[in-house]
Amino acid sequence: MQLEKEIARFDVSAISAEHFSTHQLRGQKDVTIRAYISGCAGLTLTDLELKLFQRKAPWGLILFKRNCESPQQITELVASFRRIVGRKDAPVFIDQEGGRVQRIGPPTWRAYPNARSFGKLYAINPGLALRSARSLGRLMADELYALGLTASCLPVLDAPQAGASEVIGNRAYDTRPERIMTLAHAHVAGLIEGGILPVMKHIPGHGRAMVDSHLELPVVDSSWLELENHDFLPFTGFADYPMAMTAHVVYKAIDPEQPATLSRKMVRNVIRKVIGFTGLLMTDDLSMKALSGSFKQKAELAYDAGCDMLLHCNGQISEMEEVAENAQTFNAKIARRAKAALRLRRKPQPYDEKQALRHLEAVAQA
C-alpha cells in the first residue's frame, strides 16, 4: 500500500519538462536525451557503443546475463554508461524475475523461485505466500540496489491460458487474474522497499499467445469480453504504477493488423483508456521476431501508436545504431512520465534478511 500512497502524491501533468530533455554535467557539453533504452554487447562498453551513446544518448540501459560477471564489473559498467550519457540518475534495467528469467544468479548471487511457486503456496497458505512474495522482492532489490541498478522488469502480469505457449508459463504467478494481482502487489512492495522500481509486463497481456513472440508473431482471436475480464484485468490493478512494457501480440478483436506495441488502437484506446495506465510505456524488445520491417519503421510505428520509449536488447551494434538514429528526443509528455517514474525510487528500508530467507525456504518446501 505504501507505493500506492506515494504514487497518489504525484501529479504527472504538473511536473515541468523544462531542462529535462537536455541535461548538462559540469565540464560536459549538453547531452540530448533520446527516448530509447539500449542493451550492450558485453561486460564493458565497446568504443563503438561509447561513441554511439555519447552521440545519441539513450534514456536508459538494460543488462542481460552476457553483461553480468561480477559485482565490481557490473558497477563499473553501470558507472561508465552514466558517465558517457552525462546523467548520474540514468536508469539501468534488468530482467530479474526468478526462475528461468534471472540475469544474475549463482554462485555470486542467489537463485530465486519462479512466480508460479508463490501461486502454488497461496493455494495452501495465502498469508505465507504473500509474506514470501514480499520477501522475494526485498531480497532481489537488495542485490540489485548494491549494483547501482534502477529497475527490474517485473511483475509479469500475464494470465496464461491452457494450451498457450510456454514462453510465459511459470513466469506467471497464477492463471487467475485476481490471484495474480494479489501476489504481484506483494512482490512489488518488497522490490520498492529495497529501492528498485518495477516495470510491469507484458501489457495488455501475453497469456493467450500460442507462439513465442521472440520467434514469431502471436495472434489472439478471443473476444473483447474475454480479454477485458481476464487478460486486461491484472494490468488494471496496476494502472497507476510507474512503468510498463508492451506485448508484441495481435488482438484480432481490437486491431487485426498490428501487434499492441505498434497499434494506436491498443495503446491509445486499450492501454491508456480501458486499462487506464498513466505511466511510462516502453516497447518490448524491438529485435524480437514478432515484429517485421526495418527498425526505422518499427520505431516510427511504436511512437505513433503512443509508446514513450523504444527498447532494444540484443547488443548488435548495427541494430543499436539504427534504433538510436530513429529515436525521438524527449517531448514534454515523455519527460514528465520519465521524471515521475524515477522520482518514485527511494533508499532501501530496513528489513530482516534472515526472516526473508526463511520465507523463501517455505516456498521451496510447499
Scan of the stretch 135-154 for residues that are touching a Pro at 6+ places or on another chain (Cβ under 9 Å), in a loop (DSSP other than H, G, I, E, B) and in contact (Cβ under 8 Å) with a residue 60 or more places away in the chain, ordered by number: L147, L149, T150, C153
Residues within the stretch 206-222 that are closer than 13 Å to A260 by Cα and in a loop (DSSP other than H, G, I, E, B), tallied: 5
Tally, over the stretch 324-356, of residues that are farther than 23 Å from M200 by Cα, crowded, with 18+ Cβ neighbours inside 10 Å and touching a strand residue (DSSP E or B) at 6+ places or on another chain (Cβ under 7 Å): 1
Considering residues of the stretch 209-238 that are surrounded by fewer than 18 Cβ atoms within 10 Å (Cβ to Cβ) and among the small types (G, A, S) only, the residue nearest to D284 (Cα to Cα): S222
Residues (among the aliphatic types (A, V, I, L, M), in contact with a strand residue (DSSP E or B) (Cβ under 6 Å, 6 or more places away or on another chain) and under 22 Å from A172 (Cβ atoms)) located in the stretch 90-108: I94
Test result for D158, surrounded by 24 or more Cβ atoms within 10 Å (Cβ to Cβ), among the charged types (D, E, K, R) and closer than 22 Å to A189 by Cβ: yes
Matching residues, the stretch 302-323, being surrounded by 20 or more Cβ atoms within 10 Å (Cβ to Cβ), out of contact with any Asp or Glu (no Cβ under 7 Å at 6 or more places or on another chain) and either at pLDDT below 95 or not small (G, A, S) (or both): Y303, C307, D308, M309, L310, M320, V323
Residues that are more than 17 Å from C153 (Cβ to Cβ) and buried (at least 21 other Cβ atoms within 10 Å of the Cβ), drawn from the stretch 272-289: I275
Qualifying positions in the stretch 119-151 - within 29 Å of R343 (Cβ to Cβ) and not aliphatic (A, V, I, L, M): R131, R134, S135, G137, R138, D142, E143, Y145, G148, T150
Output for the stretch 304-354, where each listed residue is closer than 28 Å to G190 by Cβ and charged (D, E, K, R): D308, R336, R337, K339, R343, R345, R346, K347, D352, E353, K354
Residue under evaluation I180, criteria (1) in a loop (DSSP other than H, G, I, E, B); (2) more than 30 Å from P71 (Cβ to Cβ), criterion not met: (1)
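The values are calculated or read from the model by the stated rules, or taken from the named source; none is laboratory data. As the structure is a prediction and not an experimental result, all values here were calculated from the model. All Cβ positions, glycine included, derive from the backbone under ideal geometry; neighbour counts span all protein chains shown.
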